[in-house]
Amino acid sequence: MLTCGRFLSSSAATTTASFSPLRTLTRSLLRRPHPRLLSSASAAAATTAVEPDTKAAGGSGAGGGGAVRPQWKAAIDFKWIRDNRDAVADNIRSRNSAANLDLVLELYDEYLALQKEVERLRAERNAVANKMKGKLDPSVRQALVEEGKNLKEALIGLEEDLVGLTDKLQLEAQSIPNATHPDVPVGGEESSVVRKEVGSQRSFNFTIKDHLQLGKELDLFDFDAAAEVSGSKFYYLKNEAVLLEMALVNWAISEVSKKGFTPLITPEIVRSSVVEKCGFQPRAQNTQVYSIENSDQCLIGTAEIPVGGIHMDSILLESALPLKYVAYSHCFRTEAGAAGAATRGLYRVHQFSKVEMFIFCRPEESDKWHEELIMIEEDLYASLGLHFKTLDMATGDLGAPAYRKFDIEAWMPGLERYGEISSASNCTDYQSRRLGIRYRPAPSEPPPANAKKGKAAGGPTQFVHTLNATAVAVPRLMVCILENFQQEDGSIVIPEPLRPFMGGLEVLSPKSK
C-alpha cells in the first residue's frame with residue numbers, strides 16, 4: 001500500500017561524510033525554490049506561516065525562518081515509496097496527479113544523510129561528555145570543553161536543518177495519492193466500466209418537462225428569490241418539496257439504521273486540518289471548499305469529513321470494529337468551474353442536504369464492506385423505482401483518498417441524461433494515517449499470569465480502513481423523482497417507500513388557479 005508504514009523516526013548511524021559540506025548542501029537544498037504542483041491529494045498550502053494546517057503547494061522551502069510548516073503529519077512509509085518507485089510513479093500518472101515523486105525521493109535521501117550526520121555528532125558529543133567524568137589534566141579538560149562546545153553548536157545548526165527538511169519532505173509527500181485497486185480501469189472518466197444496470201428508461205406518451213418547469217408549476221421551489229438573497233445556485237424549497245426533502249432524509253436514515261449503522265447529525269463547520277486530512281483541498285485554486293475568513297475553519301462539503309474525524313487520534317478496540325455511521329448534514333460546495341445546461345436547477349447547487357454512510361473497519365474487511373455499501377445504495381434506489389447504472393470509476397476520476405470508487409448514475413428524463421446520485425469509496429488507510437485512527441488487535445491468547453499490569457495486550461496497533469458512500473443527496477434524488485414520476489396532468493406520483501414519511505401523501509398535484 002502506498003500509505004503503509006510509520007512516519008520515519010530517527011535512526012542511529014555511525015559514519016557519514018564530514019558535517020560541514022553536508023550542512024552546506026542541505027541549506028542550499030532548503031533555500032532552493034522547487035515547483036510545487038497541486039494534486040487531488042493536497043490543498044494549496046498557505047504562503048505565510050500564520051496560515052493553519054498547510055499542505056504541499058507553491059511556496060518557499062521548509063528550511064529557515066518564517067517558512068511554511070505542516071501543522072500535522074501523515075504516517076507515510078517513505079522507504080516503501082522508494083523501494084516501489086516505478087509502481088508509485090505509474091499510479092501517480094494514471095490518476096492524473098501532479099505529485100512530484102522525484103522531489104520527494106530527493107528530499108528523502110537528503111533527510112537520511114542529514115539524520116545520520118546528526119546521530120554521528122550526538123554520539124561524538126556523548127563520548128566527549130563521558131571523557132570529562134574522570135580526573136583530567138586542566139589542559140586536556142579545556143580541550144574537551146572546547147570540542148564539546150563546537151559539537152553542540154554544530155548540532156544546533158544541523159538539528160534546525162533536519163527539522164526544516166523533515167517538514168519539507170512531509171509537505172511534498174502528502175500530495176502522493178492512495179494506491180489503486182488492481183481491477184480499476186485505467187484512463188479518464190470515459191474509461192469507467194458499467195458494473196450493473198437496474199431497470200429501464202420509462203417511456204412517456206406525452207411531452208415531458210424537466211424538474212425546473214415541474215417545480216415552477218407545482219410551486220415547489222424558488223430560485224429567483226434565493227439568487228437575490230444568497231446568489232446563484234441557491235434555492236428555496238416550498239410546500240410539498242419541504243416534505244419531500246424531510247421524507248428522503250428520514251427514509252434513508254431509517255433504512256440504513258436497520259443495517260446496524262449509528263445515526264449522527266454532524267457539525268457543519270470543521271477545522272481546515274480535518275478537511276485536509278480527509279483528502280480535500282480547502283485552499284487550492286478552484287477549491288470546492290468554503291473557508292471561513294480569519295479562522296482555521298471551513299464549511300463541510302460532505303459529512304464524510306466530520307464523521308472521519310470523530311475518532312481522530314484514537315486507538316480503537318478491535319472488538320468495536322466495524323464502526324458504522326449514517327450521518328445527516330447540510331453540505332456546502334463552491335462548484336468552482338461548474339457551468340452550462342448540465343448544472344441548471346437542483347442538479348448542481350452550493351448548499352444541499354445529504355445522508356452519508358461511513359465505516360471504520362479492519363484492513364482485511366474493507367473490500368467486503370465496500371460491496372455492502374454499494375448493495376445498500378442499489379437497494380435504496382431500486383426500491384424507489386429508479387433506473388440507474390453502477391460504474392467502476394477509472395483511475396483518472398479517483399480522488400486522492402480513494403483506492404476504488406463506484407458511482408451510481410440515474411436516468412433523468414427531463415435533463416435527457418444520466419446524472420450521478422451517489423458514490424461509494426474505499427479509502428483504505430489513506431485517511432486514517434492522516435487522521436491518526438488505529439486499532440489494537442485482540443490477543444490471540446490470554447495474557448500470561450505474570451504479565452505486567454497496565455501493559456497493552458495484543459499486537460502492535462494498525463491503521464483502520466475507512467469507507468464512505470452516499471445514501472441520499474437530496475437535490476439529485478428530487479430531480480429523479482420529479483422527472484421520472486411526472487404524469488400527463490402535471491402531477492407527480494410519490495414513490496411508495498416515501499409515502500409514510502410524507503404523512504401518507506401519494507401525489508403532488510398542481511395548485512388550483
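Pull out a ≥ b ≥ c, the square roots of the eigenvalues of the alpha-carbon gyration tensor of the stretch 211-285, then state rounded if a/c is under 1.5, prolate if not and a/b is larger than b/c, and oblate in the remaining case. Don't skip to the end; give the middle numbers.
Values: a/c = 3.07, a/b = 1.22, b/c = 2.51.
Oblate, because a/c is 1.5 or more while a/b does not exceed b/c.
Have a look at the stretch 123-180 and give its Rg and Dmax from the Cα atoms, expressed in angstrom.
19.4, 66
Taking every alpha carbon pair in the stretch 97-236, what does the distance histogram look like in 5 angstrom bins from 0, in percent?
Once binned at 5 Å, the Cα pair distances of the stretch 97-236 give 2, 7, 8, 8, 7, 6, 7, 8, 7, 6, 5, 5, 5, 4, 4, 3, 3, 2, 2, 1, 0, 0.
Computed from the mean reciprocal separation of all distinct C-alpha pairs, what Kirkwood hydrodynamic radius does the stretch 236-345 have, in Å? Could you put the intermediate results ahead of the total?
Working: mean 1/r = 0.0618 Å⁻¹.
This gives a value of 16.2 Å.
Give the average over all directions of the projected area of the C-alpha convex hull of the stretch 76-158, one decimal, in nm².
Quarter of the Cα hull surface area: 7.1 nm².
What Kirkwood radius, in Å to one decimal, follows from the Cα pairs of the stretch 154-249?
Values: mean 1/r = 0.0490 Å⁻¹.
20.4 Å is the Kirkwood radius here.
Indicate the gyration tensor shape class of the stretch 226-268 (rounded, prolate or oblate), computed on the Cα atoms with a ≥ b ≥ c the square roots of the eigenvalues: a/c under 1.5 is rounded; otherwise a/b larger than b/c is prolate and the rest oblate.
Oblate.
First obtain the Kirkwood hydrodynamic radius of the stretch 196-240 from its Cα pairs, then insert it into the Stokes-Einstein equation at 4 °C and 1.567 mPa s, and state the resulting D in µm² per second as a whole number.
102 µm²/s
Per residue, what volume in Å³ does the convex hull of the Cα atoms of the stretch 398-446 enclose?
115 Å³
Convert each backbone phi in the stretch 357-364 into a coupling constant with the Karplus relation 6.51 cos²θ - 1.76 cosθ + 1.60 (shift: θ = phi - 60°), then list the ³J(HN,Hα) values in order as whole Hz, x for Gly and Pro.
Per residue, the Karplus-derived 3J(HN,Hα) values read 9, 8, 10, 9, 8, 6, x, 6 Hz.
In the structure displayed, which of 79/277; 259/354; 116/277; 168/324; 116/149 lie more than 26 Å apart, Cα to Cα?
Going by Cα-Cα distance, 116/277; 168/324 fall outside the 26 Å limit.
Where a number appears in this text, it was derived from the coordinates with a stated rule and is not lab data. It should be emphasised that the depicted structure is a prediction, and the values quoted were computed from it without experimental measurement.
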